[in-house]
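These notes are about the structure you will find just below.
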Amino acid sequence: MINVGLGWSSAITPTLAMVNVGLNITSIVGIALAVSGAGLYALRTVRPGLARDHDIFFAAIALLCGGIMFFQGWRQDPILQFGQFMLTGTAIWFAYEAIRLRSIATEQAKRSTRSWTMSVR
């Protein structure tokens with residue numbers, strides 16, 4: 001348990017708020033989801049040709065859901081944790097696959113544009 005501050009828990013140490021954080025599978029999945037959301041947002045800077053406008057929306061959703069899972073994951077029972085693990089794993093896999101297919105489509109478009117400009121000359 002982390003004491004952040006709001007009120008006085010004792011006469012000596014002020015406590016701002018109490019945040020209960022436990023490290024379990026849901027918290028780890030929450031961290032992974034938040035990191036993948038940040039990575040999706042960073043894709044805009046690293047590889048702007050692959051980024052799409054709707055990636056910002058999905059990055060924000062991933063960061064929000066990852067934060068909720070990290071801070072509220074201790075409340076879930078094991079079957080919900082397993083379901084959340086499977087759902088998050090599937091979502092991350094499909095995001096990876098979509099970005100990989102964007103990369104392939106971009107490369108094919110560049111190649112076809114180059115071959116078309118060479119044939120026109």
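Nothing in this text is a laboratory measurement; each read-out follows from the coordinates by a stated rule. Nothing here was measured: the structure is a model prediction, and the numbers come from that model. All Cβ positions, even for glycine, are placed from backbone atoms using ideal geometry, and neighbour counts span all protein chains on display.
Give the residue, chosen from LEU63, LEU87, that is over 14 Å from ILE99 (Cα atoms) and under 8 Å from the mean Cα position of the chain (by Cα). Please lay out each step first, then the result.
On the way: LEU87 fails: under 8 Å from the mean Cα position of the chain (by Cα).
Only one candidate passes the filter, namely LEU63.
Looking at ILE61, ILE92, ILE79, ILE68, which one is surrounded by 16 or more Cβ atoms within 10 Å (Cβ to Cβ) and assigned to a helix (DSSP H, G or I)?
Values: ILE61 fails: surrounded by 16 or more Cβ atoms within 10 Å (Cβ to Cβ); ILE79 fails: surrounded by 16 or more Cβ atoms within 10 Å (Cβ to Cβ); ILE68 fails: surrounded by 16 or more Cβ atoms within 10 Å (Cβ to Cβ).
The match here is ILE92.
Kindly list, by first and then second residue, each pair from a residue in the stretch 84-98 that is at positive phi to a residue that is assigned to a helix (DSSP H, G or I) and exposed (fewer than 11 other Cβ atoms within 10 Å of the Cβ), limited to pairs with Cβ atoms under 9 Å and residues at least 6 apart or on different chains.
Cβ pairs passing all conditions: none.
Filter the stretch 35-58 down to residues that are charged (D, E, K, R) and either in contact (Cβ under 8 Å) with a residue 60 or more places away in the chain or not in a loop (DSSP other than H, G, I, E, B) (or both) and give me whichever is surrounded by the fewest Cβ atoms within 10 Å (Cβ to Cβ).
The initial filter retains those residues of the stretch 35-58 that are charged (D, E, K, R), namely 44, 47, 52-53, 55.
Applying the additional criterion that residues be either in contact (Cβ under 8 Å) with a residue 60 or more places away in the chain or not in a loop (DSSP other than H, G, I, E, B) (or both) yields 44, 55.
Values: ARG44: 15, ASP55: 19.
The residue in question is ARG44.
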